[in-house]
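Participant: Take a look at the following structure, please.
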Amino acid sequence: MTDRAAERGDEERWALLPVMLAALGLATGVVIHLILGTDYSAELSAVRVALLSFVSVGAILFGFIVVRGDVRRSAAVALGGGLVAGLILYFNGSTAGWGASEGWRLFSLALAIGIAAPLFQAGRAHGFRPLDYPAVHDHVWTNAVLWCLGWAFTLIVWLMAWLLASLFQLIGIELLRDLLQKAWFHRPLLGLAFGLGLALLREHERIVRLLRNVGMLVLGVLAPVLAVGLGLFLLALPFTGLQPLWDATRATTPILLTCAAGAFLLVNAVIGNGVEAARHRALRVAGLVLAVVILPLTAIAQIATALRIQQYGFTPERLWALTFVILATIYGIAYLVSIVRGRRDWAGRVRSANLVLAMITCGVALLLATPLLSFNAISTRDQVARLEAGKVAPDKFDWRALAFQFGEPGRRALERLKQSSNAAIRAKAVEAGRAKSAFELERMVPENAFTGELVVSPKGATVPPELAREIDRSVCSNGRVCRLFIQPDDRTAVVVSDGCATASGDKRCMMSPVVFVQGTDGWARMANTPTIVVSDKRGEAKRDAVNAGQIEVRKVERRQLFIGGEPQGQAFE
C-alpha cells in the first residue's frame, strides 16, 4: 500500500492495530518496570539507561510508523532507532555522572527522532528521491497531534482509574487504589493506555487530520498578532537602544529564541503544505513579516549570548543557548534568502529550504545527543582557567556549578583544585567537596549574593557573618538600600529592602521587610511580611518609622482553642 490515503487507513481499517499496539504498550511498561525497579533514589547505570531508551524509543517509534503493508520494514526502522538511542545513552554514562543540563541531550535525541520519523514516513509512501514536501509536512503535524492526543488519552485513563478506585474505596474495597500505587501495576497500565490510545487515534485519522487542520488554522490566525508585536519590537529598538537588553542578559536569549521559534511555527502554519496554504492576504503578509524577523531576533540573541559568555565564561547552559542561537540563525538566513530569491513565490522557496534544514537539524541534534561534544568538559576547562588566571576571585567563583552542575568533568576538576598551590582556591575547593548537595553551597553562588549597600542599626553593631551570607538577592535587590535592624536579643534581625531610599518626591515606592532568627542550625529566614507600598499617608508614616529606626520584633500573646490538650484551628486575638 503505497497510496497515502490507504496507508493512513482511510479506505479500510486495520483491525489488528489496536490489539498489537496495546500489547506492545503493555509489554513496554512491564520491561520498563523491570529495568527501573522500585528504588527511585538509585542512580541508573549506563546499561540500564541504554536498555530503557532502547525499549521506550523503539516501541514509541514503531507505534507511529507501522503500516499494514510494511510491518517488517517499520519494525526494522523502529529497532534501529531504539538501538541508536540506546548506544548514545550508553556512551553518555550512568546518571551519576550527568550534569544539570543533561536534559538538553535527551531533548536533542528526541528532536532528531521526531524529525527522522516523518522523513521516513513520507519517503516510504512517495519515494525517497526527492522527498514529497506535502507528505513530510502532513506527517510532521499529524505525528505532533497524535503525540499530544495519545498522552491526553493516557491521562484520561489514569484519572478514570483513580476515580473508580476512590468509588470502590467508599464501600471499603481498596484493592484498586492499592494496585494503582504499585509501580509494577501502574507502569504497564500507562503503557497499555498510550498504545491503545495511539492505535485508536490512528484508526480515525480523518478526525486527526481535521484536528490538525483546525490547529493550523488557529495558529495561522495568530500569525498577524505575533507579526505586529515582533515588528513593533524591532522598530522600537532604534529609539530605546539595546542597552536594556544587555542589562537583562539572563532573560534576553531565551525570550528572543522563543519568539523566533514562535515565528517559525506560525510561518509554516500560514504557508501550509503548498496545497492547503493560507489564501487570505493578511495571513500571507503576516507570514512574510514573521519569516523576515527571525534573522534579526537571532542576531540580537547572538550578541546577548556572546556578552554573557565574555563576562562570565562558558557554562553548559550558555553553550546550549549558543548552539540554539546558531541553528536559529541558519534558519533565519535560509528564510531571508528564500524571500529575496523567491519574491512572489517565497513560500515555495521556504518549503524547499525546510527539507534541507530538517535534515541539517536532525544531524546536528543527533551529534549533540552524543558525548562527542561535551559541554560539561568545555565549561569546566574554561571556568577553571578563569579561576586560576585570577579573572574570578575564589570567593566569587561558582563552586556549586563545578561540584554539582558540570557532571563528572566538574567533579574531577574539583578534586584537582583541592591540591592547588593557591591556598584560597584550595580552601574553597575542600569546602565545596564536603557539601553533600547543591543546597549546602547556595550561599557560595556569586550570582545570588547581595553586593549593594548595607545600612546597619544600631550604628556600630557587629553583623554576624552567617547572617550576612543569608542576605541574598531574593531578600535585598541590588540597586536598593538594604537596611539591617539587629534586635536587642542579638538573635533576631529584620532586613528591609528599601526602594524608597532612592525614590524622589512623592513617587510611589516599596519596602520589603524580612525577619531572620538565629537557631541551633544558624540564621533562618522566617516567612516574608507583606511589602509596604508607600502611596498614601499611612504608607508614608511607615516609611518615616523605618527611617527613624522604629522597627522591632515583639512577642505577641494569642488565644487558641484546645481539646484534650491538642490545639484546634488557628490562633486568634
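Participant: If you check Ala227 against the conditions, is it open to solvent by less than 40 Å² (accessible area, probe 1.4 Å) and out of contact with any Pro (no Cβ under 6 Å at 6 or more places or on another chain)? Reasoning before the result, please.
Facilitator: Values: open to solvent by less than 40 Å² (accessible area, probe 1.4 Å): yes; out of contact with any Pro (no Cβ under 6 Å at 6 or more places or on another chain): yes.
Yes: the conditions hold for Ala227.
Participant: Can you report the number of residues in the range 419-467 which are hydroxyl-bearing (Ser, Thr, Tyr), modelled with pLDDT of 75 or more and either open to solvent by 30 Å² or more (accessible area, probe 1.4 Å) or within 27 Å of the chain's Cα centre (by Cα) (or both)?
Facilitator: Of the residues in that region, 3 qualify.
Participant: Scan the range 111-140 residue by residue and report those that are open to solvent by less than 10 Å² (accessible area, probe 1.4 Å) and in contact with a Cys (Cβ under 7 Å, 6 or more places away or on another chain).
Facilitator: Ala112
Participant: Among the residues of the range 56-67, is there at least one that is farther than 16 Å from Gly150 by Cβ, in a helix (DSSP H, G or I), among the hydrophobic types (A, V, I, L, M, F, W, C) and at pLDDT below 95?
Facilitator: no
Participant: Farther than 30 Å from Pro130 by Cα and either among the charged types (D, E, K, R) or free of Cβ contacts under 8 Å to residues at least 24 places away in the same chain (or both), is that true of Gly390?
Facilitator: Taking the combined requirement at face value, the residue satisfies it.
Participant: A further question on this structure: If I ask for residues that are hydroxyl-bearing (Ser, Thr, Tyr) and farther than 21 Å from Trp98 by Cα, which ones from the range 377-422 would you list?
Facilitator: Passing the criteria: Ser420, Ser421.
Participant: Which of the residues spanning the range 384-399 are within 20 Å of Ser437 (Cβ to Cβ) and touching a Phe, Trp or Tyr at 6+ places or on another chain (Cβ under 9 Å)?
Facilitator: Asp398 - this is the single residue of the range 384-399 that is within 20 Å of Ser437 (Cβ to Cβ) and touching a Phe, Trp or Tyr at 6+ places or on another chain (Cβ under 9 Å).
Participant: Identify all residues within the range 474-519 that are at pLDDT 85 or above, in contact with a helix residue (DSSP H, G or I) (Cβ under 8 Å, 6 or more places away or on another chain) and open to solvent by 50 Å² or more (accessible area, probe 1.4 Å); write none if there are none.
Facilitator: Gln518 - this is the single residue of the range 474-519 that is at pLDDT 85 or above, in contact with a helix residue (DSSP H, G or I) (Cβ under 8 Å, 6 or more places away or on another chain) and open to solvent by 50 Å² or more (accessible area, probe 1.4 Å).
Participant: If only one of Asn354, Asn376 is of a type outside the set (Lys, Arg), touching a His at 6+ places or on another chain (Cβ under 9 Å) and surrounded by 18 or more Cβ atoms within 10 Å (Cβ to Cβ), which one is it? Steps first, answer last, please.
Facilitator: Details: Asn376 fails: touching a His at 6+ places or on another chain (Cβ under 9 Å).
None of the others qualify; the one that does is Asn354.
Condition check ((1) surrounded by fewer than 21 Cβ atoms within 10 Å (Cβ to Cβ); (2) of a type outside the set (Val, Ile, Thr); (3) under 22 Å from the mean Cα position of the chain (by Cα)) across all residues:
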site: Ile65; (1), (2), (3): no, no, no
site: Ala75; (1), (2), (3): yes, yes, no
site: Leu83; (1), (2), (3): yes, yes, no
site: Thr95; (1), (2), (3): yes, no, yes
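Participant: Shifting gears a bit: Sort through Leu373, Leu402 and tell me the only one that's at pLDDT below 90, under 23 Å from Pro254 (Cβ atoms) and in contact with a helix residue (DSSP H, G or I) (Cβ under 7 Å, 6 or more places away or on another chain).
Facilitator: Answer to the check: Leu373.
Participant: Something else: Pull up the range 254-298, narrow it to residues that are open to solvent by 40 Å² or more (accessible area, probe 1.4 Å), over 19 Å from Tyr331 (Cβ atoms) and assigned to a helix (DSSP H, G or I), then point me to the one that is modelled with the highest pLDDT.
Facilitator: Val285
Participant: While we're looking at this one, here's another question. If I ask for residues that are in contact with a Gly (Cβ under 6 Å, 6 or more places away or on another chain) and open to solvent by 40 Å² or more (accessible area, probe 1.4 Å), which ones from the range 141-189 would you list?
Facilitator: Correct list: Phe153 only.
Participant: What number of residues in the range 315-363 are of a type in the set (Val, Ile, Thr) and within 20 Å of the chain's Cα centre (by Cα)? Before the answer, list the steps.
Facilitator: Let us first name the residues in the range 315-363 that are of a type in the set (Val, Ile, Thr), namely 315, 323, 325-326, 329-330, 333, 337, 339-340, 350, 356, 360-361.
Next cut, within 20 Å of the chain's Cα centre (by Cα) only: 315, 323, 325-326, 361.
Going through the range 315-363 one residue at a time, the tally reaches 5.
Participant: Follow-up. Output the residue which, of all residues in the range 117-168 that are charged (D, E, K, R) and not in a helix (DSSP H, G or I), is nearest to Leu200 (Cα to Cα).
Facilitator: This residue is Asp132.
The values are calculated or read from the model by the stated rules, or taken from the named source; none is laboratory data. Note that the structure is predicted; figures quoted are calculated from it, not measured. Positions of Cβ are backbone-derived with ideal geometry, glycine not excepted, and every protein chain shown enters the neighbour counts. Side chains included, ligands, DNA and RNA excluded: accessible areas come from the protein's heavy atoms. Shrake-Rupley method; radii C 1.70, N 1.55, O 1.52, S 1.80 Å.
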